[in-house]
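Enquirer: I'd like to ask some things about the structure below.
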Amino acid sequence: MARILVIAEHDGSSINPSTAKTLGCARDLDGAEIDVAVFAADASALAPEAAALEGVAKVLCVTDAVHAQPLAATVAPQVVELAEAYDYVFGPSTTFGKDLMPRVAALLGVNQVSDIMSVDGPRSFKRPIYAGNAIVSVSVPEGSKVVATVRTASYRAVGTGGTAAIEDVTPAAELPTHTRFVGIKTGASDRPDLQTAATVVSGGRALASAENFELIFKLADTIGAGVGASRAAVDAGYVPNEMQVGQTGKIIAPDLYIAIGISGAIQHLTGIKDAGTIVAINKDEEAPIFEVADIGLVGDLFAVVPELTQALS
Amino acid sequence: MNKILVGLKRVVDYNVRVRVRSDGSGVETDGVKMSINPFDEIALEEALRIRERGEAAEVIVISMGTADAQQQLRTGLAMGADRAILVDAPQGIDPLSRARAFLKVVERESPDLVLLGKQAIDDDNNQTGQMLAALWGRPQATFASAIEFRDGSATVTREVDAGLETIEIDLPAVITADLRLNEPRYVKLPDIMKAKKKPLDTIAIDELGIEAAPAIDEVGFAPPAERQKGIMVDDVAGLVGALKDKGLL
C-alpha cells in the first residue's frame, strides 16, 4: 500500500486549512495510507486538531523549541528522515510549502511536482504552467519518491471527525543554526481569512488611495467577506502584500468573488479562476475582467459600491 | 562581500499570450519573443544595487540552456553584470539537474551570495533556489522583498501568506527575489555596446560531472478550461437580483 506523508502547516496555535486541502488531494490516490507530520515547539493543541482531519491514519509530532517558527532549513532535514518510510511527501502550495518542499525534494534526490491540480494516476498528475495558460500532464518515474506541493484552490478541505493516533517522533537529523527567525508582521484582522472565505471582495488600482479602500472593507464587512486586492493596488501601497490575489499572490477559490475596480490582468485572473461565481464592477466596459465574470456591472465604483453596501445591509 | 552569482533564465516574454500547440505536444515557442525571466531580472537589479553601494565587488550572471541564452546573458551584462557564464545544457533541463549544475559553478566561483528569481514564469516550478540551497547546505531566503547585510549575515524580509516575515541568514546563502524587491533598470544603448566586450564563458554541462536527476516526464499539454462570459446587469438592483437568483445572497 502506498504511504503518504503530509506536512502540516500551522501558525503555532492552529492547523492551517491548507493542510486539510492537501489531504483532499492525497485522498485522491487510491488506497493510500496517509499520515500527517506536525513540526512545532508545542504540539499539544495542534496534534489533536490534525488527528481529527478525515482520512488521517497517524499524526507524527516532532516537538522542538526550534520549530516555534518552522523554517525550511531546519524542518527539511527532519522531513527527509521521516520520508524514508513513505512513497509520497506532500505539502501545500502556500509560501510555507513552496519554501520547504523543494528543499526536501533536493535532499531526497528527486524533482518536485509543483502545484498538483489533479491526480490522474498513482504517478500521474496535472499542474498549471505559464501562469495557468497551459496545463501539463506529468508522470513521475517509477522507483523514486513523489515529492509534491498541492494547489490548494483545486481541492476541498477534508472534514473533521477523524480519530488518528498521535505519535511523538524524534528525528536524529542535525539541525543547522545558519537560519534564524526574527519576526513577522501581519495585518491582523477579524475578517475571514482570504484563502478560506466563502466570499471575497477585492479592490484594484481604481480605488486610487488607501483611504478609498475603506469602501471595499465596508462592503466586505456587510456581507462577512474576506478582502483581497490586485497586484496594482498592493504595488501602489493601498493595502499590504498579504492581500494580493493572483499568480504571485494568493490563488483562491471562494464561492463568490467580487472584483471592484480591477481590470483583470492575466496574472490576477489566474488567482481566481476556480471561484464559483465572479462578479465584476468596473467603469471600463472593455476591461478583460468582464470576459470571465459571471455577472458584470459597468459603473463608477464610487457610486456603485456604497449603493451595493446599502442594499445588502 | 566578494562575489554575487545571479541566475538568469531565458523564458517566453511575459507579455506574450502563451498558446498550447494544437497537437498538445507543448507550448508554441517558435517565433515568440524571449526575455530574461522577470523575477531573475529583479534578482540581478538587486545584485547590481548591492555592488553599487560598495557591498560587493563583482556580479556574475549565469544561465543554463542552449546557446540562445547568450542573448539574455548579454542583456544581463548590459544591465551592469561584470561577466557571464553559460552552462550549455539541453533545453528544458529539470530543476534538480539545474541545481546540481549550479552547485558545481558555485564551488568553482565561491560566491558569498546567490540571487535568483523566486520562480520562472514558464514552468512556474519555484524549485531551483531552494534546491541549490539544500545541496549547498546553506540558508535560503525565498520571496525576498528587502535585503540588508551586516557582519557576514543578511536580514531578509520575505513576502509570506501571513504578511512580512523577517529572517536572518548567515552568508553564503541563496536569496530568491519577489516582485517588490525593486524595479529593474532599463538598458541603455551604450551599455549594450559595452556589454559586447565583457567576458562570457561557456561550460558544457557534461564538464561539470553532475549526476542526472530522475526527470519528471511531461506527457501532454492542454489549454486551461475557459470560463464562459456571463451576464451584464444595468444597476445595483440588477446585481442584487442576479446574486439572489444564484442563491448567493
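The values are calculated or read from the model by the stated rules, or taken from the named source; none is laboratory data. This structure is a prediction, so every number in the text was calculated from the model and none was measured. Note that we place each Cβ from the backbone using ideal geometry, even for glycine, and neighbour counts take in every protein chain shown.
Enquirer: If you take the residues in the range A:225-266 that are assigned to a loop (DSSP other than H, G, I, E, B) and at the interface with chain B (Cβ under 9 Å from one of its Cβ atoms), which one is nearest to residue A:280 (Cα to Cα)?
Expert: It comes out as A:255.
Enquirer: Name the single residue that is surrounded by the most Cβ atoms within 10 Å (Cβ to Cβ) among those in the range B:92-117 being assigned to a loop (DSSP other than H, G, I, E, B) and more than 8 Å from chain A (Cβ to nearest Cβ).
Expert: Out of the qualifying residues, it is B:111.
Enquirer: Now a separate question. Residues to consider are B:168, B:211; find the one that is in contact with a Lys or Arg (Cβ under 6 Å, 6 or more places away or on another chain), over 24 Å from residue B:81 (Cβ atoms) and either at pLDDT 95 or above or within 12 Å of another protein chain (Cβ to nearest Cβ) (or both).
Expert: Testing whether each residue is in contact with a Lys or Arg (Cβ under 6 Å, 6 or more places away or on another chain), over 24 Å from residue B:81 (Cβ atoms) and either at pLDDT 95 or above or within 12 Å of another protein chain (Cβ to nearest Cβ) (or both) leaves just B:168.
Enquirer: Please go through (1) closer than 30 Å to residue A:109 by Cβ; (2) away from every other protein chain (no Cβ under 14 Å); (3) in contact with a strand residue (DSSP E or B) (Cβ under 8 Å, 6 or more places away or on another chain) for residue A:155 and return the number of the only condition it doesn't satisfy.
Expert: Unmet condition: (3).
Enquirer: Taking residue B:156, is it of a type in the set (A, V, I, L, M), more than 7 Å from chain A (Cβ to nearest Cβ), farther than 30 Å from residue A:136 by Cβ and part of a loop (DSSP other than H, G, I, E, B)?
Expert: So residue B:156 does not fit the description; no.
Enquirer: Okay, moving on. Among the residues that make up the range A:293-303, is at least one of them of a type in the set (Val, Ile, Thr) and assigned to a loop (DSSP other than H, G, I, E, B)?
Expert: No, the range A:293-303 contains no residue that is of a type in the set (Val, Ile, Thr) and assigned to a loop (DSSP other than H, G, I, E, B).
Enquirer: Give A:127, A:123 a once-over and let me know the one that is of a type in the set (Lys, Arg) and crowded, with 24+ Cβ neighbours inside 10 Å.
Expert: A:127
Enquirer: Moving to a separate point now. Looking at the range B:176-183, can you tell me whether even one residue there is assigned to a loop (DSSP other than H, G, I, E, B) and more than 10 Å from chain A (Cβ to nearest Cβ)?
Expert: yes
Enquirer: Hey, can you tell me all the residues within the range A:194-218 that are within 13 Å of another protein chain (Cβ to nearest Cβ) and either more than 13 Å from residue A:259 (Cα to Cα) or over 21 Å from the mean Cα position of the chain (by Cα) (or both)?
Expert: A:194, A:195, A:196, A:198
Enquirer: For the range A:130-153, name all the residues that are more than 24 Å from residue B:129 (Cβ to Cβ) and surrounded by 21 or more Cβ atoms within 10 Å (Cβ to Cβ).
Expert: none
Enquirer: Against the definition (of a type in the set (S, T, N, Q) and either within 10 Å of chain B (Cβ to nearest Cβ) or assigned to a loop (DSSP other than H, G, I, E, B) (or both)), how does residue A:170 come out, yes or no?
Expert: Criteria met by residue A:170.
Enquirer: Another question about this same structure. State the number of residues belonging to the range B:189-213 that are out of contact with any strand residue (DSSP E or B) (no Cβ under 8 Å at 6 or more places or on another chain), touching a residue at least 40 places away in the same chain (Cβ under 8 Å) and not in a helix (DSSP H, G or I).
Expert: Matching residues across the range B:189-213 total 6.
Enquirer: Within the range B:119-145, can you find the residues that are more than 7 Å from chain A (Cβ to nearest Cβ) and at positive phi?
Expert: Matches in the range B:119-145: B:137 only.
Enquirer: OK, next. When only residues in the range A:269-290 that are part of a helix (DSSP H, G or I) and at pLDDT below 95 count, which is nearest to residue A:203 (Cα to Cα)?
Expert: The extreme case among them is A:269.
Enquirer: Can you go through A:68, A:57 and tell me which one is touching a residue at least 24 places away in the same chain (Cβ under 8 Å) and farther than 30 Å from residue B:136 by Cβ?
Expert: A:57
Residue-wise test of (1) modelled with pLDDT of 95 or more; (2) within 24 Å of residue A:11 (Cβ to Cβ); (3) assigned to a loop (DSSP other than H, G, I, E, B); (4) outside the structural domain of residue A:84 (by TED's automatic domain parsing).
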residue	(1), (2), (3), (4)
A:174	no, no, yes, yes
A:177	yes, yes, yes, yes
A:182	yes, yes, no, yes
A:189	no, yes, yes, yes
A:206	yes, no, no, yes
A:209	yes, no, yes, yes
A:212	yes, no, yes, yes
A:216	yes, no, no, yes
A:220	yes, yes, no, yes
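Enquirer: Looking only at the range A:5-23, how many residues end up being surrounded by 20 or more Cβ atoms within 10 Å (Cβ to Cβ) and assigned to a helix (DSSP H, G or I)?
Expert: Within the range A:5-23, residues that are surrounded by 20 or more Cβ atoms within 10 Å (Cβ to Cβ) and assigned to a helix (DSSP H, G or I) number 6.
Enquirer: Just give me the residues in the range B:214-242 being at the interface with chain A (Cβ under 7 Å from one of its Cβ atoms), modelled with pLDDT of 90 or more and out of contact with any Ser or Thr (no Cβ under 8 Å at 6 or more places or on another chain), in sequence order.
Expert: Across the range B:214-242, the qualifying residues are B:223, B:224, B:230, B:231, B:232, B:233, B:236, B:239, B:240, B:242.
Enquirer: For the range A:126-142, what are the residues that are farther than 16 Å from residue B:24 by Cα and either aromatic (Phe, Trp, Tyr) or more than 7 Å from chain B (Cβ to nearest Cβ) (or both)?
Expert: Within the range A:126-142, A:142 is the sole residue that qualifies.
Enquirer: Going by the conditions given, is residue A:289 more than 30 Å from residue A:114 (Cβ to Cβ), without any contact (Cβ under 8 Å) to a residue 60 or more places away in the chain and in contact with a helix residue (DSSP H, G or I) (Cβ under 8 Å, 6 or more places away or on another chain)?
Expert: Answer is no for this residue.
Enquirer: Right, next: I need a count of the residues in the range B:96-115 that are in contact (Cβ under 8 Å) with a residue 40 or more places away in the chain and touching a Ser or Thr at 6+ places or on another chain (Cβ under 8 Å).
Expert: 2
Enquirer: Residues that are aromatic (Phe, Trp, Tyr) and over 24 Å from residue B:239 (Cα atoms): does the range A:180-201 have at least one?
Expert: Looking for residues that are aromatic (Phe, Trp, Tyr) and over 24 Å from residue B:239 (Cα atoms), one finds at least one in the range A:180-201, hence yes.
Enquirer: Taking the stated definitions as given, is residue A:221 free of Cβ contacts under 8 Å to residues at least 60 places away in the same chain, surrounded by fewer than 17 Cβ atoms within 10 Å (Cβ to Cβ) and within 26 Å of the chain's Cα centre (by Cα)?
Expert: yes
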